[in-house]
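Following: one structure in structure tokens, then a few remarks.
The values are calculated or read from the model by the stated rules, or taken from the named source; none is laboratory data. All values reported here derive from a predicted model rather than from experimental measurement. Cβ sites come from the backbone with ideal geometry, for glycine too, and all protein chains shown count toward neighbours. Calculation scope for accessible area: heavy atoms of the full protein, side chains included, ligands and nucleic acids excluded. Shrake-Rupley method; radii C 1.70, N 1.55, O 1.52, S 1.80 Å.
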Amino acid sequence: MTQPHAGPPAGSGPELPAAVRRDILRSAAGLGLYAGAFGASYGAVAVASGLSVPQAMVLSLVLFSGASQFAFAGVLAAGANPFAAIPAALLLGVRNAFYGVPVTELLGPRWPARLWTAHFVIDETTAMAVGRPTRPEQRYAFWATGLVLFTLWQAGSLTGALLGSSVDPAAFGLDAAAPAVFLALLWPALRRGRRDRLVRVRLVAFAGAALALLLIPVAPAGMPVVAAAGIAVVAGLAPPGREPRGADAEEPA
Amino acid sequence: MTALWVAVIIAAVGSYALKLAGVSLPESVLNHPTVQRIAHYLPIAMLAALVITELFDGGQRYAVDWRVLAGLAAGVLMLILKRGLLVVFLVAIGVTALLRLVG
């Protein structure tokens, strides 16, 4: 544990040069732009899936994790029981818990600061914080990204949900939005990384997809996605091979 | 309160609880190599499954809309061309909408 921090969330050291701040804010604004557009598509998809505008907004405000929200809406659209959407959304959100490790190390939030820091621990804020060299920069990057993203995600979601309830989302091709988002999120993991790990990552993706495909006609809606989580558990429990040594080690597939 | 509202609230609060656990649990729990590997694979397996169910799940039966498939294929092309997320997304829905308009 390093330098614990319990101060106000948006507080940033006065020692941070203006140029650094500008740089961080520029990156945050870029991510925010994406968040606004994705938020709008989420809002429209959510409403088309049967969520009301307030329900779609509760997910954006409180759940606040794009992939999980899309998954919730997607499972809802496919099936009858709304409770089937819960495990898919939560299992996808498990990764946020693991982002807590680097974020805690960098920001060192204590009680009660943990209560509000936790809410902003998502892919983008973690990546932005980890990518900065010094503590003040990391803290500033985390909060700038978190607050910009949160604001634009809400604005986008609301706009999309309101528009989605007044137009036919299918006419705008929005039923292609969710699969495109899922694939775009998955893509970098399939393409980047060490060769030996890549083999296993692709195998996991393929097995997850194949299992889901097989289960569609036999399992209740939502379950094919949850079953795919089982693939991750099996792959994680399997011995990692010769992972720590040489990057070019051949992975027995 | 409808079942859907209850489900929305459980998912929302559950997601926050996961994030809070991440910044509260002792690091040794989350840093276990097996636990980390599972966590690493979890979104990969699930996102792959979600792509499939989005494309083929018609509610306990197979259903495909070729326009959505074509839209996604166009999105894949953008991914291969290393375009940003926003481009991928806009191309996918644009192609689907266009095909629906003409077909």
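Tabulated results
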| read-out | value |
| --- | --- |
| Members of the range B:55-75 that are β-branched (Val, Ile, Thr) and at the interface with another protein chain (Cβ under 7 Å from one of its Cβ atoms) | B:Val68 |
| Residue count, the range A:208-234 (criterion: more than 7 Å from chain B (Cβ to nearest Cβ), among the small types (Gly, Ala, Ser) and in a helix (DSSP H, G or I)) | 3 |
| Qualifying residue in the range A:205-214 (condition: within 27 Å of B:Ala92 (Cα to Cα), aromatic (Phe, Trp, Tyr) and without any contact (Cβ under 8 Å) to a residue 40 or more places away in the chain) | yes |
| Some residue of the range A:135-151 being open to solvent by 50 Å² or more (accessible area, probe 1.4 Å) and more than 19 Å from A:Val62 (Cβ to Cβ) | yes |
| Which numbered condition A:Val167 misses (of (1) more than 7 Å from chain B (Cβ to nearest Cβ); (2) under 16 Å from the mean Cα position of the chain (by Cα); (3) open to solvent by 20 Å² or more (accessible area, probe 1.4 Å)) | (2) |
| Members of the range B:27-41 that are within 20 Å of the chain's Cα centre (by Cα) and at the interface with another protein chain (Cβ under 7 Å from one of its Cβ atoms) | B:Arg37, B:Ile38, B:Ala39, B:Tyr41 |
| Qualifying positions in the range A:90-134 - open to solvent by less than 30 Å² (accessible area, probe 1.4 Å), among the hydroxyl-bearing types (Ser, Thr, Tyr) and within 14 Å of B:Ala21 (Cα to Cα) | A:Thr104, A:Thr117 |
| Within the range A:1-34, tally of residues that are modelled with pLDDT of 90 or more and open to solvent by less than 20 Å² (accessible area, probe 1.4 Å) | 3 |
| Some residue of the range A:48-66 being at pLDDT 90 or above, under 17 Å from A:Leu152 (Cβ atoms) and over 18 Å from the mean Cα position of the chain (by Cα) | no |
| Residue within the range B:27-44 that is open to solvent by less than 60 Å² (accessible area, probe 1.4 Å) and touching a Ser or Thr at 6+ places or on another chain (Cβ under 9 Å) present | no |
| In the range A:170-200, residue nearest to A:Ala238 (Cα to Cα) [restricted to those that are without any contact (Cβ under 8 Å) to a residue 40 or more places away in the chain and surrounded by 23 or more Cβ atoms within 10 Å (Cβ to Cβ)] | A:Leu186 |
| Evaluation of B:Arg100 against (1) open to solvent by 70 Å² or more (accessible area, probe 1.4 Å); (2) of a type outside the set (Ser, Thr, Tyr); (3) in a helix (DSSP H, G or I) (one fails), failing number | (1) |
| Where B:Gln60 falls short, out of the listed (1) more than 13 Å from the chain's Cα centre (by Cα); (2) part of a helix (DSSP H, G or I) | (2) |
| Residue that is closer than 24 Å to A:Arg114 by Cβ, part of a helix (DSSP H, G or I) and either facing another protein chain (nearest Cβ under 7 Å) or among the hydroxyl-bearing types (Ser, Thr, Tyr) (or both), where the choices are B:Ile52, B:Ile10, B:Ile44, B:Ile93 | B:Ile10 |
| Filter result for B:Leu50 (under 26 Å from A:Leu31 (Cα atoms) and buried (at least 19 other Cβ atoms within 10 Å of the Cβ)) | yes |
